[in-house]
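Here, each number is a calculation from the coordinates, and none is a lab measurement. Keep in mind the model is a prediction, meaning the values are calculated, not measured.
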Amino acid sequence: MKDVIKQSLFFGLIILFLIMLNACGSDEVEEQNNQDHDQREQNSSEKTAADTEDDPEEDTDQKESSEEDNDSRLIFEKLTFAVKHEGEFIGDFDIDLKNLADEHEFELIDDTKVEILQFYPDYYLDPETNEPASETEYPFNPLFIVEITGDDFETKAAIGLEKEVYADDDSPYEIKFMDYKAVPIEMEFDDD
């Protein structure tokens, strides 16, 4: 019974945080998005061979801003997140959206584990239910509900491209979106 109450409280907190996140001023959010994007580009250019040993020939041409072409959107294929425990980097993990069913648990150092509990490919906050939902089945704006488990602490969080909301304010864990691999697609609009 306690687990059910905890889970209900967690999802209530996540929904409340997502509502607050969506209520932020669009100018502030846009400015923060631009700063975060610039920081990701700088971090990507500073990668070492060890950081890219899985795919040293990674095609960075696939990373394009949707601002460059108003008629295209990005379909995300892979997202990279970094994890810190009490401010110290303990590892990173890649979420491959093509193999999400097979790869949804990630082991980090010190027996820390990140598990994907829910996935919203094209996240938005439903105004009628005030709950997370997906507008389409395509990963245009992916959001994940994850559980982070370590030796001394367990918490849940909602993480995405520019979102991170934790169930516990005093969580020693921090997950940051770092990089992505995506392909642009052309969007067709009806002139009706």
Using θ = phi - 60° and the Karplus relation 6.51 cos²θ - 1.76 cosθ + 1.60, list the HN-Hα couplings for the stretch 165-182 in order, rounded to whole Hz, with x at every Gly or Pro.
10, 9, 6, 10, 5, 9, 4, x, 9, 9, 10, 10, 5, 10, 7, 8, 10, 8
Whole-Hz couplings from phi, Karplus 6.51/-1.76/1.60, listed for the stretch 114-125; x for Gly and Pro
10, 10, 7, 9, 9, 9, 10, x, 10, 4, 7, 9
In Å, what Kirkwood hydrodynamic radius results for the stretch 76-174 from the alpha-carbon pair distances?
14.0 Å
Hey, what do the phi angles of the stretch 98-105 turn into as Karplus ³J(HN,Hα) couplings, whole Hz, using 6.51/-1.76/1.60 and θ = phi - 60°, x for Gly and Pro?
6, 10, 4, 5, 8, 10, 10, 10
